[in-house]
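Structure first, commentary second.
The values are calculated or read from the model by the stated rules, or taken from the named source; none is laboratory data. All values derive from a computational prediction rather than experimental measurement. Cβ coordinates were reconstructed from backbone atoms using ideal geometry, including for glycine residues, and neighbour counts include every protein chain displayed. We work out accessible area using only protein heavy atoms, side chains counted, and drop any ligands, DNA or RNA first. Shrake-Rupley method; radii C 1.70, N 1.55, O 1.52, S 1.80 Å.
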Amino acid sequence: MNTPEFNISISKQQVSVLPTVTFDGAITVVDEPADVAGAVAYLRQCGVVGFDTETKPNFRKGMTNKVSLIQVSTEDRAFLFRLNRIGFPPELREFMECDDIVKVGLSLKDDFHVLHKVAEFEPTNFIDLQTKVKAFHITDLSLQKIYAILFGARISKSQRLTNWEADKLTHPQMVYASIDAWACLRIYKLLSSGGFDPTTSPYITIPQPEEEEHTEPS
C-alpha cells in the first residue's frame, strides 16, 4: 500500500477526550526464578504476543536505570517479568531468541538497547509497529496515538513514571504495564487481518504541497 495522497494523525486534544482503555484479562507477576519456566512455556504455545518493557525512572540528568520489567501479553492474559527480582534467566533468553512465536512491540530498538545492558541475547521474530503502521498512512508513532486512531480509546500514561522496582507493584501499575503489551498485540492483529481501512479514518489529513521558490530575474 503506497502512501502519497494523505496521512492519518491525531492530536493530543483529540486523544484526551476519548474513553480510557481498560484491561480485563488475567495478570501474572513473575518475581520468582522458579516461576519463569512455566510462564515462558505458556507463552511459547501462542502464535503471537505483545511485548513491552518498563524502567524505573531516574530524574538525575544523564543517569538511567536498568530495565525493571518485561511485559508479554496474549489477548486475555499478561505476564509481568520483574527483572530486578529474577534477573535474565535462560528461559527468558530462549523466549527472546525463539523463532516459533511472533513478538510485537513498539520502538523495539530502544527496548533492545536497554535490555542488552542486562544480558546479551539475539532478538528473533520481533515486529515493530512503528514500521508496520507506515503502510497504513499512519504518521503518529506513539503507542497511545496509534491505539487511539485504530480503536477510538485512550491509553492512560499516569503510571509511566512510577517506581517499577517497588517491593510490590500496585494494581494500577500492573494494569498499565499489561495494557501496553496487550495494545501492541491488538494493533498488530487488526492491521494484519485487514480490519482497518485507512480511507475511512476520521483522522485523515491532507499534506499541503510545498510552495516553489520564485526568484526575480536579474
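Quickly run through the stretch 155-194 and pick out the residues that are among the aromatic types (Phe, Trp, Tyr) and not in a helix (DSSP H, G or I).
Listed by number, the list holds a single entry, TRP164.
Under the condition of being open to solvent by 80 Å² or more (accessible area, probe 1.4 Å) and more than 23 Å from HIS116 (Cβ to Cβ), which residue from the stretch 43-68 is modelled with the highest pLDDT?
GLN45
Filter the stretch 30-59 down to residues that are among the acidic types (Asp, Glu) and closer than 13 Å to ARG85 by Cα and give me whichever is nearest to the chain's Cα centre (by Cα).
So, considering only residues that are among the acidic types (Asp, Glu) and closer than 13 Å to ARG85 by Cα, the one nearest to the chain's Cα centre (by Cα) is ASP31.
Given (1) open to solvent by 10 Å² or more (accessible area, probe 1.4 Å); (2) part of a helix (DSSP H, G or I); (3) in contact with a Phe, Trp or Tyr (Cβ under 7 Å, 6 or more places away or on another chain); (4) of a type in the set (A, V, I, L, M, F, W, C), where does ALA34 come up short, assuming only one miss?
Among (1) open to solvent by 10 Å² or more (accessible area, probe 1.4 Å); (2) part of a helix (DSSP H, G or I); (3) in contact with a Phe, Trp or Tyr (Cβ under 7 Å, 6 or more places away or on another chain); (4) of a type in the set (A, V, I, L, M, F, W, C), the lone unmet condition for ALA34 is (3).
Show the residue pairs meeting these rules: Cβ distance below 6 Å; 6+ apart or different chains; first residue within the stretch 124-144 and among the acidic types (Asp, Glu); second residue part of a helix (DSSP H, G or I) and open to solvent by 50 Å² or more (accessible area, probe 1.4 Å).
Within 6 Å, no pair qualifies.
Can you name the condition, by its number, that PHE112 falls short on among (1) crowded, with 16+ Cβ neighbours inside 10 Å; (2) in contact (Cβ under 8 Å) with a residue 24 or more places away in the chain?
(2)
So in the stretch 155-171, with the set limited to residues that are open to solvent by less than 70 Å² (accessible area, probe 1.4 Å) and under 15 Å from ILE27 (Cβ atoms), which one is modelled with the lowest pLDDT?
Top of the filtered list is GLN159.
State which residue is farthest from TRP164 (Cα to Cα) when the search covers only the stretch 73-86 and only residues that are open to solvent by 30 Å² or more (accessible area, probe 1.4 Å) and without any contact (Cβ under 8 Å) to a residue 60 or more places away in the chain.
Selected residue: ASP76.
Mind listing just one residue for me: the one in the stretch 12-31 that is out of contact with any Phe, Trp or Tyr (no Cβ under 8 Å at 6 or more places or on another chain) and under 25 Å from SER192 (Cα atoms) and, of those, most open to solvent (accessible area, probe 1.4 Å)?
ASP24
So which helices (runs of 4 or more DSSP H) stay within the stretch 87-154 end to end and still have 1 or more residues that are touching a strand residue (DSSP E or B) at 6+ places or on another chain (Cβ under 7 Å) and modelled with pLDDT under 95?
Helices (runs of 4 or more DSSP H) meeting the threshold: 108-115.
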